[in-house]
Amino acid sequence: MTEVAWNPLYGAPVYPAERYAALARRIGAILKTDNDVLLVQAEAVVALEAVATSLARPGLSALNVVTSPYGSWFGQWLRRGGADVIDLVAQPGRPIEAGAIAVALDANPAVSVLALVHAESASGILNPLPQIVALAAARGILTIVDAVASVGGHALDVDALGIDIAVIGPQKALGGPAGISALSVSRRAWELILHDEAPHDSILSLADLKAWADAGGALPGTPAPLEFFALEAALDRVEAEGLGQIVARHERAASASRAGLAALGASLWVPGEHASNLVTAVSPPSGIEASSITGFAAALGIDLSPGVGTGSSHLVRLNHTGPRANFQSVLANVAAYGAALRRAGLPANIDAASEAVVRIYSS
Ligand SMILES: *Cc1c(COP(=O)(O)O)cnc(C)c1O
């Protein structure tokens, strides 16, 4: 037999069952909610699909805001379950306007569920969540928020806003593991979910997850211990830094990125008040393709990426999420973007851009 070197992962201990409830409580504190918090043993897209699958049924009418592929998927999952879904599609790569939501809700009085993404890492936009949730609340409409990208990057106060279901993942601004996700569910949302034809015996069944949680905080199947230890470590780090401080770190990274790009004469895709704090999207000038900017940056070891989704592929995204929401990443991103322009023979004042980034980080 071939000798295999010893590896600590071979002996990963079982995650202690009594600690799931504590994890859920700590996530509830991050979301600022007293609602039930469920853990899902999969990346956040699975938690989103579970929400849509568990809510959908014939006769349910939903307004589904689409600002990226995540929103399109959510609408498809609802339709698959027989729901009537009105997709409200924003201008490509732009946030939805609260006014458009008000018009759609007035035109569709049967709507009882509204779904949207808070901040988009695909295009770097921020939807006006407080205004939208207030519009829904005034009409007694249940709200579902994909806060996977925004949690830790933006203020997210689930109970104060009255969000019925918020879905998060630790892998973006919180800098945690990607193989696990969580959601909060209000009492009102449970009333809608727990109906006679609700899906059961399915990994996408929130009713099943609730039954497991109510029975003592355990999860169905064999929980993957490494993910839970990693989540616990991420929560330790989040609590040590402080959620307010993490959001402030993302705000600073976003304003420094915007200031640096503005000093390069770059054209920001959305103004600051409509921009997410996670990534900054820029529309390259004519004369250079997004792919040649990202390729040039990659050769410098800097990971700039193209926009994702309709109307976003011409964009370049500067990522300042999670561990990248810091001075060195922001400065390197901006300098690499400027260097790519200069290489293409376009003007780029990298001195001024660096100065602008430094100024934000020194104030
Ligand atoms: C990242 C992200 C998700 C989850 O995607 P993963 O495949 O789990 O990384 C869902 N919604 C939004 C808005 C996201 O940014």
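The values are calculated or read from the model by the stated rules, or taken from the named source; none is laboratory data. Everything quoted here is computed from the prediction, not taken from an experiment. So basically every Cβ, Gly included, is an ideal-geometry build from the backbone, and we count neighbours across all protein chains shown.
Structure data summary
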{"quantity": "Enumeration of residues in segment 300-338 that are of a type in the set (Val, Ile, Thr), at pLDDT 90 or above and more than 22 Å from Val151 (Cα to Cα)", "calculated": "Ile302, Val316, Val334"}
{"quantity": "Residue in segment 92-102 that is modelled with pLDDT under 95 and buried (at least 24 other Cβ atoms within 10 Å of the Cβ) present", "calculated": "yes"}
{"quantity": "Looking only at segment 143-159, and only at residues there that are among the aliphatic types (A, V, I, L, M) and crowded, with 24+ Cβ neighbours inside 10 Å, the one that is farthest from the ligand (Cβ to nearest atom)", "calculated": "Val158"}
{"quantity": "So Trp190, is it farther than 22 Å from Ala62 by Cα and either in the same structural domain as Asn35 (by TED's automatic domain parsing) or not in a helix (DSSP H, G or I) (or both)", "calculated": "no"}
{"quantity": "Condition met for Ser186 (modelled with pLDDT of 95 or more, surrounded by fewer than 21 Cβ atoms within 10 Å (Cβ to Cβ), away from the ligand (no atom under 11 Å from the Cβ) and among the hydroxyl-bearing types (Ser, Thr, Tyr))", "calculated": "no"}
{"quantity": "Residue tally, condition part of a loop (DSSP other than H, G, I, E, B) and either in contact with a Cys (Cβ under 8 Å, 6 or more places away or on another chain) or without any contact (Cβ under 8 Å) to a residue 40 or more places away in the chain (or both), over segment 231-279", "calculated": "2"}
{"quantity": "Segment 339-363, residues that are of a type in the set (Gly, Ala, Ser), surrounded by 19 or more Cβ atoms within 10 Å (Cβ to Cβ) and either more than 20 Å from Gly287 (Cα to Cα) or at pLDDT below 95 (or both)", "calculated": "Ala353, Ala356"}
{"quantity": "Elements of type helices (runs of 4 or more DSSP H) in segment 16-120, at least 2 residues being touching a residue at least 60 places away in the same chain (Cβ under 8 Å)", "calculated": "20-31, 44-55, 69-80"}
{"quantity": "Some residue of segment 281-292 being touching a residue at least 40 places away in the same chain (Cβ under 8 Å), assigned to a strand (DSSP E or B) and small (Gly, Ala, Ser)", "calculated": "yes"}
{"quantity": "All positions within segment 208-223 that are modelled with pLDDT of 90 or more and surrounded by 17 or more Cβ atoms within 10 Å (Cβ to Cβ)", "calculated": "Asp208, Leu209, Lys210"}
{"quantity": "Given (1) at pLDDT below 95; (2) crowded, with 18+ Cβ neighbours inside 10 Å; (3) not basic (Lys, Arg), index of the condition Pro69 fails", "calculated": "(2)"}
{"quantity": "Residues of segment 149-185 that turn out to be part of a loop (DSSP other than H, G, I, E, B), farther than 20 Å from Ala248 by Cβ and touching a helix residue (DSSP H, G or I) at 6+ places or on another chain (Cβ under 7 Å), as a count", "calculated": "7"}
{"quantity": "Hey, Gly140 outside any strand (DSSP E or B), modelled with pLDDT of 95 or more and out of contact with any Pro (no Cβ under 6 Å at 6 or more places or on another chain) or not", "calculated": "yes"}
